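Read-outs throughout are calculated quantities, based only on the coordinates presented, and are distinct from any laboratory measurement. Computed from a predicted structure; not experimentally measured. So basically every Cβ, Gly included, is an ideal-geometry build from the backbone, and we count neighbours across all protein chains shown.
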Amino acid sequence: MKVIKVTFALIAFAMAVTLILTAKTTDPAPPSRAPHSKPAATARVSRFLQTKEKNPRAADHCKKDNDVCLEGGGNATCCNNKCLDLQYDDKNCGSCKKKCAFTEKCCRGECVQLVSDKRHCGACGNKCKSLCLYGTCDYA
């Protein structure tokens with residue numbers, strides 16, 4: 001018990017000495033400016049007010065026009081002002097704003113469970129002859 005008290009006292013003493021040595025005792029004087037001087041005006045514009053170039057990776061803004069989405073090829077449809085593939089998008093499966101559950105995946109516009117669906121076992125389009133368990137065909 002005595003050893004613990006001595007160790008605790010030494011640690012407390014070391015911390016006190018460290019705090020005393022590292023503490024600032026004097027405040028530096030603030031930089032002086034000439035009386036009535038104005039700060040120099042800057043020509044910089046806030047980053048929020050600057051005009052920006054369009055991000056090339058940004059989603060296409062189709063504004064309910066499916067022809068804009070079909071220009072790039074593929075099966076994209078205009079949903080919520082974005083070009084999306086309704087066949088494989090988990091948040092827009094088969095139609096706009098139709099979300100698949102956490103355990104489901106969108107395959108050909110239909111929400112399916114890849115762990116138990118015989119038509120989509122483990123991946124979209126992977127068909128099983130008899131049984132699909134845990135995403136593998138004929139598991140046993």
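Tabulated data
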{"quantity": "Full-extension gain in nm, F102 to N75, via 0.36 nm per residue minus C-alpha separation", "calculated": "7.3 nm"}
{"quantity": "Cut-off under 5 Å, modelled amide H: who pairs with K118 long-range", "calculated": "none"}
{"quantity": "The stretch 88-138, Cα convex hull volume normalised per residue, Å³", "calculated": "50"}
{"quantity": "Cut-off under 5 Å, modelled amide H: who pairs with C111 long-range", "calculated": "none"}
{"quantity": "Amide hydrogen neighbours beyond the local backbone of C83, cut-off 5 Å, H modeled", "calculated": "D60, C62"}
{"quantity": "Spin-label model distance (nm) - S95 vs M1, 7 Å beyond Cα toward Cβ", "calculated": "7.8"}
{"quantity": "Most to least packed among 114-121, 8-15, 88-95 [average Cβ atoms within 10 Å]", "calculated": "114-121, 88-95, 8-15"}
